[in-house]
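Reviewing the structure listed below.
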Amino acid sequence: MKNFNLLIIIGFIALSACNSDSLYKDSNYSIMERTEDLLQRMTLEEKVAQLNLIAAKSETNDAEYIDREIRKGKVGCVLKSNGVETNYHLQRIAVEESRLGIPIMFQEDVIHGYKTIFPSPMAEACSWNLSSIRTAASIAAKEAAASGIHLTYAPMVDISRDPRWGRIVEGAGEDPYLSSCIAYERVKGFQGNDLSDSSTIAACAKHFIGYGDALAGRDYNIGDFSEREMREIYLDPFKAAIDADVKSIMCAYSAIDGIPATANEEILVDLLRNELEFGGLLITDWRTLENLIKIGVAADKTEAVLQAINAQVDVDMVSEFYSDKLVELVQTGKIDESAVDRAAARVLALKFELGLFDDPYKYLDKKREETVQSSFEHLQFARKSAAESMVLLKNENNILPIQETIKHIAVIGPLADRKKDLMSWWGAEYSQCNVDDVTSIVESIQAVVNTGTKISYEQGIILDGFEKKGLELIDEAVAIANQADVVVLVLGEEYWMSGEGGSVSELSLPGAQNELLEAIHKTGKPIITVLVNGRPFDFRKVKEYSNAILEAWQPGTMGGFAVADILFGKENPSGKLVMTMPLNTGQIPIFYNYRRTSHDFYIREEQSRFANNYLDISTEPLYPFGYGLSYSEFEYSNFSVAVKNDSIHASVDVKNISSVAGKEVVQLYVQDIVASVAQPHIRLKGFEKITLKAGEQKTVEFQLHTSDLTLINKEMKEVFEKGVFEIFVGPNSVDLVGIQVEIN
């Protein structure tokens, strides 16, 4: 559908069969022909209705209102309406009681699962397993489609370098290359190979563009970034989603160069529609048209609608501004009806592609809904996915996995007994998962633990918001720690603290968790800390006081079992960080691919107050991008690089020198030594996740072309510049070996 925006510009293409009463209902005709035929039969009001996306659950809509509006043919799409029974009722009204019988497109936030909840997107990205990520999206689509959903507001492909912004949990980390790979896979996972297959749903890449650049990490805030940063950092994941044929894109709340994204013709028309050739559905975010008035770029509804429709925004989410004003604007000549035709054509084309005109009830099968949701296969895959997403940050003296000689384990921390907090904000509040289907970490440990090992549990403190509560409970936790052989301490944040609107000013563990950590440390018992969180925190004390650290993130329905599987060695951790972990809040933004500066060399060559650093703290992170340990040990050798014509071939031998089978993410980075524009220190340009048996060795090969080594030049064009490049390989963005090559 890349060029579907060219369907209607001035008028309709004449069809020889246009007088047929059933052409748009006839699947023998093309989607373009059927769309054109249907548009000619529609009134202006009916076309505008297709652009109206209403919420089934909101402060203004009740069931009677929704039924009435659909019956009148005034609604094109509905969000927040779930389940076969509910959606069958609404679809029947649309198809059987409205004039033209145009079916409803049902939409929902299916972010990282529908009924079966997978790890949060940033956690899942830490698996670096593209095949697994695609499969998880396909399972989410299958479960959502079984409940009558046609389109999901995912994947979020925004890049952010600020963990204060709670919405980083919904993205894939800080790197454009990895984020692009994941964006492509998630779109393909949701949409499959045939969108008319009733087990697939349309994807929506969001938020175009630069939404993750929120000032001071405050959600919905202004962004202030250059065109260069937009093209170097934020644009590539959207390009990848479009390459994957994503069917819709959502506008950002934020502004670009002072112009709100929802009304930005330069961004939406010149860049998205023309340069990137995106011809799919462009959707506002929740009530975004109202924001044009709130921030003072539109005086009223009329101006807001004019700005958005001129920017080729097709669908108005919830505000109903289009419904209120578009007809009047066309009738008074302020908008040409062809603009409405163009937008309505995109909505109708997607409905045709979903197969809704051929069988509007194809997604509404009660028996399928009952059998597909949280099936055994889906849950088992979620368990494996969660384990592969977890990152082992520390394992002093190989304390993990816990050995059978350990006979008493003290599990401490309020998050150890929580269920919602394993699911993330979206999983807990917006999915269809029943929290009773989730098994807590302590319950999972009790289920998986070696026979004969005693498990004692104390919450230690009360975690309820950011205030320090329950300090009097620490003594009870210390008492069971003193009796145990080892302590599993579960720390982190509550599910609602990350996610949309979940910004924080300090990356300190909320509540009295640091006090609990210090008290347990004083017992002298070995501490295995499990982190349950949606964002990086200041974990300096955790690193200092813990013998082992497992970053579990918000791991979803089967996350508790996945934690237990890793603790007892049933799974070998293989996750790698996709976001740099800072030492403290003051280092933010901190990321691996920083642009080289004139004073970088001081850091390596000498200690100087003129180095590019702080006087009071190191510039190095707590843990770098790409970092993660394993129960296996891997050795890199025989790294070589060869240049032939316009391509670079790199290879490296990786050997598992331990007695434990494991997985390793081999990472390839590039540095452009001399360029016309200052370049990043290094850039990720390839990776491969391999599985090695104990003692096994594999040769990992990478092929780079000049198209992989481009930059944005002074004229803002993407070009390749000949010269010297250094190619690096290693297990993370710091522990690298490099070889320089020249491409002429």
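The values are calculated or read from the model by the stated rules, or taken from the named source; none is laboratory data. In this text the structure is predicted, and so the values were computed from the model without any measurement. No Cβ is skipped: glycine too gets one built from the backbone with ideal geometry, and neighbour counts run over all protein chains shown. Surface accessibility is based on the protein's heavy atoms, side chains included, excluding ligands, DNA and RNA. Shrake-Rupley method; radii C 1.70, N 1.55, O 1.52, S 1.80 Å.
Close contacts from segment 82-102, counting a first residue that is touching a residue at least 12 places away in the same chain (Cβ under 8 Å) and a second that is acidic (D, E) and in a helix (DSSP H, G or I), with Cβ to Cβ under 7 Å and a gap of 6+ residues or different chains, come to V84/E369; I93/D67; L100/E46.
Taken over segment 396-425, the criterion of being in a helix (DSSP H, G or I), open to solvent by less than 70 Å² (accessible area, probe 1.4 Å) and of a type outside the set (S, T, Y) is satisfied by P414, L415, A416, D421, L422, W425. Under the condition of being in a helix (DSSP H, G or I) and more than 18 Å from Y65 (Cβ to Cβ), the residues counted in segment 78-93 number 3.
If I filter segment 621-639 down to residues being open to solvent by 50 Å² or more (accessible area, probe 1.4 Å) and in a strand (DSSP E or B), which single residue comes out as farthest from F537 (Cα to Cα)?
Ranking the candidates gives N638 first.
The residues on offer are A299, A304, and the sole one that is open to solvent by 50 Å² or more (accessible area, probe 1.4 Å), over 21 Å from V78 (Cα atoms) and either of a type outside the set (K, R) or part of a loop (DSSP other than H, G, I, E, B) (or both) is A299. Checked against the criterion of being part of a helix (DSSP H, G or I) and crowded, with 17+ Cβ neighbours inside 10 Å, the candidates A447, A428 yield just one match: A428. Taken together, E124, E96, E45 contain a single residue that is at pLDDT 95 or above, closer than 30 Å to V391 by Cα, of a type outside the set (G, A, S) and part of a helix (DSSP H, G or I), which is E124. I'm trying to understand the selection: among the residues of segment 544-564, which are closer than 23 Å to A479 by Cα, out of contact with any Pro (no Cβ under 7 Å at 6 or more places or on another chain) and open to solvent by 10 Å² or more (accessible area, probe 1.4 Å)? Matches in segment 544-564: E544, Y545. When segment 366-384 is filtered for residues that are in a loop (DSSP other than H, G, I, E, B) and buried (at least 18 other Cβ atoms within 10 Å of the Cβ), the ones remaining, listed by number, are Q373, S374.
Which fully enclosed strands (runs of 3 or more DSSP E) of segment 659-707 have 2 or more residues being open to solvent by 20 Å² or more (accessible area, probe 1.4 Å) and more than 26 Å from G723 (Cβ to Cβ)?
On the way: elements: 662-672, 683-692, 697-705.
In segment 659-707, the matching strands (runs of 3 or more DSSP E) lie at 683-692, 697-705.
Within segment 522-543, does at least one residue satisfy the condition of being surrounded by fewer than 22 Cβ atoms within 10 Å (Cβ to Cβ) and in contact with a His (Cβ under 9 Å, 6 or more places away or on another chain)? Taking every residue of segment 522-543 in turn, at least one turns out to be surrounded by fewer than 22 Cβ atoms within 10 Å (Cβ to Cβ) and in contact with a His (Cβ under 9 Å, 6 or more places away or on another chain).
Scanning segment 353-387 for residues that are of a type in the set (G, A, S) and touching a helix residue (DSSP H, G or I) at 6+ places or on another chain (Cβ under 9 Å) turns up S374, S375, A382, S385, A386, A387.
Within segment 28-42, the set of residues being open to solvent by less than 60 Å² (accessible area, probe 1.4 Å) and either assigned to a loop (DSSP other than H, G, I, E, B) or of a type in the set (K, R) (or both) comprises S30, R34, M42. Remark: pairs (first residue in segment 33-49, within 19 Å of Y322 (Cβ to Cβ); second residue of a type in the set (S, T, N, Q) and surrounded by 22 or more Cβ atoms within 10 Å (Cβ to Cβ); Cβ separation under 9 Å; 6+ apart in sequence or on different chains) = M42/Q50.
Among the residues of segment 208-215, is there at least one that is of a type outside the set (V, I, T), farther than 30 Å from Q587 by Cβ and in contact with a helix residue (DSSP H, G or I) (Cβ under 8 Å, 6 or more places away or on another chain)? Full working, then the answer.
Restricting attention to segment 208-215, the residues satisfying the condition of being of a type outside the set (V, I, T) are 208, 210-215.
Still in the list and also farther than 30 Å from Q587 by Cβ: none.
No, the conditions are met nowhere in segment 208-215.
Residues that are under 21 Å from L79 (Cα atoms), of a type in the set (D, E, K, R) and open to solvent by less than 60 Å² (accessible area, probe 1.4 Å) were ranked within segment 316-334; the one that is nearest to the chain's Cα centre (by Cα) is D316.
Restricting attention to segment 509-562, the residues that are touching a residue at least 40 places away in the same chain (Cβ under 8 Å) and of a type in the set (D, E) total 3. If you filter segment 159-185 down to residues that are charged (D, E, K, R) and touching a Lys or Arg at 6+ places or on another chain (Cβ under 7 Å), you find that the one that is farthest from G501 (Cα to Cα) is E185. Taking segment 124-151 as the search range and keeping residues that are surrounded by 24 or more Cβ atoms within 10 Å (Cβ to Cβ) and touching a strand residue (DSSP E or B) at 6+ places or on another chain (Cβ under 6 Å), which one is nearest to L550 (Cα to Cα)? Ranking the qualifying residues of segment 124-151, first place goes to C126.
Can you pull out the residues in segment 270-289 that are in a helix (DSSP H, G or I) and buried (at least 17 other Cβ atoms within 10 Å of the Cβ)?
Taking segment 270-289 as the starting set, the residues that turn out to be in a helix (DSSP H, G or I) are 270-275, 288-289.
The answer is L271, L272, R273, T288, L289.
Count of segment 217-252 residues, restricted to those that are open to solvent by 40 Å² or more (accessible area, probe 1.4 Å), more than 24 Å from L709 (Cα to Cα) and either touching a Pro at 6+ places or on another chain (Cβ under 9 Å) or of a type outside the set (S, T, Y) (or both), is 4.
Considering segment 183-213 alone, what residues qualify as being under 13 Å from D243 (Cβ atoms) and not polar (S, T, N, Q)? Hits for segment 183-213 are A183, Y184, E185, R186, V187, K188, A203, A205.
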